[in-house]
Amino acid sequence: MRNRSVLISGAGIAGPALAYWLHRFGFHPTVVERSPAPRTGGHRVDIRGTARQVAERMGIVGQVFEAHAGARGMAFVDHRGKRVATMSPEVFGDSGGPIAEMAIRRTDLARIIHGVTRDDVDYVFGDSITAVAQDETGVHVEFETGEPRRFDLLIGADGVHSTVRRLQFGRDEQFVRDLGCYIALYSTPTSLDLEGWQLMYTIPGGDGRPGRTAGLSPQAGTDAALAGFFLRSAPLRYDRDDVDAQKRIVVRAFEGGGWEIPRMLSAIWDAPEFYFDRVSQVQMPAWSRGRSVLLGDAAYCASPMSGIGTSLALVGAYILAGELVTADGDHHLAYPTYERKMRGFARQAQEFARGAGDGGLMPDSPVQLWLRNRSIRMLPYLPKRLTGRGMQRLANTVELDDYPAPAHR
């Protein structure tokens with residue numbers, strides 16, 4: 001089999017999942033990651049539909065359920081903490097709606113996949129790609145700290161701000177579509193007994209200020225909760241490496257808010273695992289160029305709030321590896337087939353995320369907030385085939401092929 005040496009940039013979810021399948025199919029993957037260790041922090045992620053089949057074939061479903069995020073449902077509360085609108089999985093039927101059956105902290109899923117690959121995959125932490133040069137026989141790669149190396153293939157699984165995409169395809173501005181808001185996440189102590197519920201407090205827009213929501217989500221097995229802030233805003237200028245500057249943005253946007261917001265903001269300065277980014281999608285006319293190809297958020301991010309990003313990553317990793325082994329390592333055949341099989345899923349996921357809109361979390365006015373709460377209270381009275389149909393159909397867009405592993409590695 002040709003092209004067996006593969007460099008993967010990014011050790012989040014998509015990269016290690018791809019490395020798992022590449023090793024299983026007889027390739028020799030190396031994963032390079034800028035972070036000095038497997039990344040921590042981030043939000044709760046969901047494994048839905050076909051992605052669950054991928055997880056089952058990886059043999060990690062048991063570990064995923066053991067690390068389940070523990071959310072029984074989502075409830076919107078007023079400034080006194082009284083529930084004004086509630087969503088539970090039962091309302092949405094098999095799809096679970098916003099609360100998937102396999103919901104897990106991103107940290108835990110990354111740990112699980114790293115755990116089942118670390119003995120078979122060469123991980124290089126604390127380094128990053130700085131330059132790439134392709135030719136007819138391979139890819140020459142230079143790194144920030146390591147010595148230059150040569151690989152047969154290069155895969156960018158390094159997120160919305162992908163280094164591989166920038167080096168091989170062009171600047172972010174060409175491909176990243178702004179959805180008009182920010183999201184911030186971090187772990188925080190809380191005196192609230194969440195009882196397995198994700199609680200959300202919304203401040204509607206008005207008087208020149210945008211709509212915004214703060215929330216607390218349970219973290220199974222810990223005394224902490226995941227604090228989340230969702231803010232509609234025009235693009236802001238800040239240094240992506242200056243975490244304190246990002247925290248100040250959140251504090252300024254939510255200071256004076258009711259409910260648990262004062263306590264959540266007081267804990268933000270001591271939060272070591274802080275995530276802050278612009279909510280956006282990645283849209284590209286092609287995902288491959290020569291021996292390089294993109295995977296997951298680097299190629300087709302649907303947005304952090306879509307509920308389907310992790311499923312896209314897992315399914316994409318399985319198909320990309322499977323098409324490479326089917327093509328006997330020939331990237332000229334494998335890359336276009338991978339894109340053809342994933343393009344519809346990615347497009348529908350992005351359309352679904354845009355269609356859902358952000359009015360639910362960031363309403364423009366008190367009237368829009370009232371309409372949101374009333375709509376949620378009506379859900380139990382609607383047929384489940386209607387309430388859960390969109391997400392369920394989307395999550396099962398792709399039908400998985402059975403890719404045979406080679407007889408000899």
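General remarks:
- When residues of region 165-190 are limited to those that are in a loop (DSSP other than H, G, I, E, B) and without any contact (Cβ under 8 Å) to a residue 24 or more places away in the chain, the one nearest to PRO262 (Cα to Cα): ARG171
- Candidates ARG263, ARG291, ARG237, filtered to the one that is of a type outside the set (Phe, Trp, Tyr), surrounded by fewer than 17 Cβ atoms within 10 Å (Cβ to Cβ) and over 29 Å from ALA67 (Cα atoms): ARG237
- Scoring GLN134 on the criteria (1) touching a strand residue (DSSP E or B) at 6+ places or on another chain (Cβ under 6 Å); (2) closer than 27 Å to HIS332 by Cβ leaves a single failure, condition (1).
- Some residue of region 323-331 being polar (S, T, N, Q) and within 24 Å of the chain's Cα centre (by Cα): no
- Subset of region 132-164 [part of a loop (DSSP other than H, G, I, E, B) and closer than 17 Å to TRP21 by Cβ]: ASP152, ALA157
- Test: residue in region 205-216 that is touching a residue at least 24 places away in the same chain (Cβ under 8 Å), out of contact with any strand residue (DSSP E or B) (no Cβ under 9 Å at 6 or more places or on another chain), outside any helix (DSSP H, G or I) and not acidic (Asp, Glu): yes
- For region 151-172, the criterion of being touching a helix residue (DSSP H, G or I) at 6+ places or on another chain (Cβ under 6 Å) and of a type in the set (Lys, Arg) is satisfied by at least one residue.
- Failed item in (1) buried (at least 21 other Cβ atoms within 10 Å of the Cβ); (2) modelled with pLDDT of 75 or more, with SER95 passing the rest: (2)
- Residue within region 178-190 that is surrounded by 14 or more Cβ atoms within 10 Å (Cβ to Cβ), within 24 Å of LEU320 (Cα to Cα) and either of a type in the set (A, V, I, L, M, F, W, C) or modelled with pLDDT under 95 (or both) present: no
- GLY309, sole failed condition from (1) at pLDDT 95 or above; (2) of a type outside the set (Lys, Arg); (3) under 15 Å from the mean Cα position of the chain (by Cα): (1)
- Looking across region 116-131, the residues that are open to solvent by less than 30 Å² (accessible area, probe 1.4 Å) and either closer than 21 Å to TRP21 by Cβ or of a type in the set (Val, Ile, Thr) (or both) come down to THR117, VAL121, ILE129.
The values are calculated or read from the model by the stated rules, or taken from the named source; none is laboratory data. Just so you know, these numbers come straight off a predicted model, no measurement behind them. Glycine also receives a Cβ, built like all others from the backbone with ideal geometry; neighbour counts cover every protein chain displayed. These accessible areas exclude ligands, DNA and RNA; they are computed on the full protein's heavy atoms, side chains included. Shrake-Rupley method; radii C 1.70, N 1.55, O 1.52, S 1.80 Å.
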